[in-house]
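Okay, structure first, notes after.
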Amino acid sequence: MRAVRTLLIGAVLAASIVTATPFVAQADDAPAPQPGLGIQADGRLWAYYDTEYRNPCGSWSGSSNHWGDCWNTASSLVNYRYPGANDDVWVRWGLNNTGARRGVYNGVWLNDLNRWTFDAGTGSGSGQLLGDNIASHSVTQLP
């Protein structure tokens, strides 16, 4: 199991380095995972108010048209969805999954959303920083 986990971590890290464009909530009371402390998928996308995964804001097991308290306030996020079909997400600039988007692969950690922007040419908000700028997300299978 440890070898499989190590292999998966390596694959996720390699995928996040090689692919620059894609990387990306029903709030719940589940405890927020702490990246790097024994990676285990919990089937959720997690958002945090602060960088470096501090101060959990919310988490979702499926798509969300409105991030509620996390709307335009998230500074870091982790995609801990279960590996398989539809384990990736599109984070969106607008409510109801409208406007610019950015893909977030399963297992990816974004410790400071001000280091990434919404994809160019994908609608209102294109090119803007992700930090304090995500309103919704949809579950998908990224290429």
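The values are calculated or read from the model by the stated rules, or taken from the named source; none is laboratory data. As the structure is a prediction and not an experimental result, all values here were calculated from the model. Note that each Cβ is placed from the backbone with ideal geometry, even for glycine, and that neighbours are counted across all protein chains shown.
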Mind listing just one residue for me: the one in segment 74-94 that is of a type in the set (S, T, N, Q) and farther than 14 Å from SER63 by Cβ and, of those, surrounded by the most Cβ atoms within 10 Å (Cβ to Cβ)? SER76
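Rundown of residues vs (1) farther than 18 Å from ALA41 by Cβ; (2) at pLDDT 95 or above; (3) of a type in the set (Val, Ile, Thr), yes/no style:
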{"site": "ASN72", "(1), (2), (3)": "yes, yes, no"}
{"site": "TYR82", "(1), (2), (3)": "no, no, no"}
{"site": "ASP88", "(1), (2), (3)": "no, yes, no"}
{"site": "ASN97", "(1), (2), (3)": "yes, yes, no"}
{"site": "ALA100", "(1), (2), (3)": "yes, yes, no"}
{"site": "GLY121", "(1), (2), (3)": "yes, yes, no"}
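Taking the stated definitions as given, is ALA47 small (Gly, Ala, Ser), under 19 Å from HIS137 (Cβ atoms), touching a Phe, Trp or Tyr at 6+ places or on another chain (Cβ under 8 Å) and at pLDDT 90 or above?
So ALA47 fits the description; yes.
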Per the filter on segment 39-50, residues of a type in the set (A, V, I, L, M, F, W, C), outside any strand (DSSP E or B) and in contact with a strand residue (DSSP E or B) (Cβ under 7 Å, 6 or more places away or on another chain) are ALA41
